[in-house]
Amino acid sequence: MRRTGIALLAGLFVLSIAAGGWAAEPPSWATTSLIEKTATVEAVDQSTRMVTLKGPEGNSVTFKASAEVRNLPQVKVGDTVKFAYYESLAVRVLGKGEAFPTAGESATAARAKAGEKPAGVVGTETTVNATITAIDKKAKTVTLKGEDGKSVTVKPLRPEKLNEVKVGDRLVVTYTEAVAVKVEKAEPKK
């Protein structure tokens, strides 16, 4: 496991056992979530790059738009800013003789073309591998050993799921998250 570390693996495993069951053979589990929000541009100062957004509950936030927001001059008071946050977690127990995939982290990013309203997306995918080295059903814990040789013992929130895995099972945990932001032109007032 590269920079991710065994702590992330442990946390992801606890989440997977906590939130759902196993399905398919060999056991696997996945979940996704998507949160979408909108805000309205209340103020934008092009010289200082300070932007104030008002959320749907009436709350406001002011921040400095970084140089990464190359189309800030396209943003006007009244424009709508749409935010989306996507998160996915998948845990899979490898079948007999199946090799671990390459572990690591990858990232991707994209942004609007020059002259368009600002928009962008950034995402990461982290894959970690581990082997179950011990299960203590009395203490309701499982010990995981990462590819880096480090071990951690965790207590799943749903320990009954420990009945569905065994010592020696090899796990592949993939965590994906992405954030997208898009500015849309204000609707004309009627």
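Miscellaneous remarks
- Candidate set: the stretch 96-109, residues that are of a type in the set (Gly, Ala, Ser) and either without any contact (Cβ under 8 Å) to a residue 60 or more places away in the chain or in a loop (DSSP other than H, G, I, E, B) (or both); chosen: the one farthest from residue 81 (Cα to Cα): 97
- Evaluated against (1) part of a strand (DSSP E or B); (2) at pLDDT 90 or above, residue 89 falls short on exactly one condition, (2).
- The lone exception for residue 85 - which of (1) hydroxyl-bearing (Ser, Thr, Tyr); (2) in contact with a Ser or Thr (Cβ under 7 Å, 6 or more places away or on another chain); (3) under 30 Å from residue 30 (Cα atoms) it fails: (2)
- Of residues in the stretch 123-169 being assigned to a helix (DSSP H, G or I) and free of Cβ contacts under 8 Å to residues at least 60 places away in the same chain, the one nearest to residue 65 (Cα to Cα): 160
- Residue that is surrounded by the most Cβ atoms within 10 Å (Cβ to Cβ), among those in the stretch 47-75 that are farther than 24 Å from residue 113 by Cβ and under 24 Å from the mean Cα position of the chain (by Cα): 55
- Across the stretch 147-188, the qualifying residues are those that are touching a helix residue (DSSP H, G or I) at 6+ places or on another chain (Cβ under 8 Å) and among the charged types (D, E, K, R), and the one among them that is modelled with the lowest pLDDT is 158.
- Residue check for residue 112: of a type outside the set (Phe, Trp, Tyr), under 19 Å from residue 163 (Cβ atoms) and in contact (Cβ under 8 Å) with a residue 12 or more places away in the chain: no
- Scanning the stretch 148-181 for residues that are of a type outside the set (Phe, Trp, Tyr) and closer than 30 Å to residue 121 by Cβ yields 171, 172, 173, 174, 176, 177, 178, 179, 180, 181.
- Of all the listed residues (78, 120, 115), the sole one being out of contact with any Cys (no Cβ under 8 Å at 6 or more places or on another chain), loosely packed, with under 12 Cβ neighbours inside 10 Å and either small (Gly, Ala, Ser) or not in a loop (DSSP other than H, G, I, E, B) (or both) is 115.
- So residue 33, is it loosely packed, with under 15 Cβ neighbours inside 10 Å, assigned to a loop (DSSP other than H, G, I, E, B) and at pLDDT 50 or above: no
The values are calculated or read from the model by the stated rules, or taken from the named source; none is laboratory data. Computed from a predicted model, the values in this text were never measured in an experiment. We place every Cβ from the backbone using ideal geometry, glycine too, and count neighbours over all the protein chains shown.
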